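As structure tokens, the structure follows; a few thoughts come after it.
Each reported figure results from applying straightforward, stated rules to the coordinates on display, with no laboratory input. A quick note: this is a predicted structure, and the numbers were derived from the prediction, not measured. All Cβ positions, even for glycine, are placed from backbone atoms using ideal geometry, and neighbour counts span all protein chains on display.
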Amino acid sequence: MNIKHKIKIANTFSKSAKYYDQYAYLQRKCGHTLCKLLGLVSRQYLLDAGCGTGWFSKYWKLYNNNIIALDISPGMIMYAKRNRSAHMYLLGDIEQLPLMNSSIDIIYSNLAVQWCIDLKSVLVEFFRVLKPGGKLALSTLANGSLIELKQAWGKIDNNIHVNKFLSIKSISNIFSIYRHNIFIKTYKIYYDKLLNLLKEIKGVGANYLYGRNTFGLTSSNKLKLLEKYWPNKNNQLLTLSYQVVYGILYYD
């Protein structure tokens, strides 16, 4: 991914930082599941890679860990600092971590690496900074996420409206060179109004699109069409699906 895209991603998340925690239901749900999968961690150097507003940095700080909060977004880092979430704050890129080799005991990364272009390279970078015996806990989105949004837009035009995600098989294959445990979970979130659904996606900064600046509706007519063509309605509620892959990877 070139620097132009990274700047746009950072700017998109900075704009959402003020409202992020208000809309981050899925992020918190996935983050707490990832915490449980990782298990109790105490008195370790822990990197929260893609920390956002520092919600889970603060969680791990409660267990007397030494927390480094890292995010590509200046706005997110500002809120993490305001929340006193960590001991150190780094404005940086997961794909080029500003950290020394073998300096971190635990890496925790919740719903962040899907924004990176090459997961294999990301894992190499994570393992560069991990100490031998360290652990990496991550969650990421897989193909099938936002499928209803993609299908509905497909009935309207041929433009890009949903980012591509790696398949579960591809993610599993990338994990396979490390000792690891992998867990797959499907989440379905229901909305009474399409505007609420779109507002939530924008509220967590997930409206950045590769190849376009952000997704958006150009008219009320398209909004009506999108709702009309929405698949998998549940008692008139709009369903939005997420395929989440959790991985616990070990540095032997």
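Using 0.36 nm per residue of separation minus the Cα-Cα distance, give me the extension gain between residue 15 and residue 164 in nm, one decimal.
Contour length minus Cα-Cα distance gives 51.4 nm.
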Just how far, in whole angstrom, is the stretch 24-63 from the stretch 98-145 if you go by their alpha carbon centroids? 14
Could you work out how much longer the chain between residue 84 and residue 103 gets when fully extended? Use 0.36 nm per residue separation minus the Cα distance between them, nm to one decimal. 4.6 nm
From Cα pairs below 8 angstrom and at least 6 apart in sequence, can you work out the relative contact order of the chain, rounded to a whole percent? 23
Where a label projected 7 Å from the Cα of residue 241 along Cα→Cβ would reach, residues of the stretch 126-147 with amide N under 18 Å: 140-147
In whole percent, what relative contact order does the stretch 118-229 give with Cα contacts below 8 Å and a gap of six or more residues? 30
Amide H neighbours of residue 166 at under 5 Å, excluding residues fewer than 5 places away on the same chain, with H built from the backbone geometry, are 143
Taking the convex hull of the alpha-carbon atoms of the stretch 3-250 and averaging its shadow over every direction gives an area in square nanometres of 12.9
Checking 60, 230, 115 against a Gaussian network model of the chain (alpha-carbon springs below 10 Å), the top fluctuating residue turns out to be 230
So how strong a dipole does the chain carry about its Cα centre when Lys and Arg Cβ are +1 and Asp and Glu Cβ are -1, to the nearest 20 debye? 500
If I model a spin label as a point 7 Å beyond the Cα along the Cα-Cβ vector, how far apart are those points for residue 64 and residue 228 in nm? 6.3
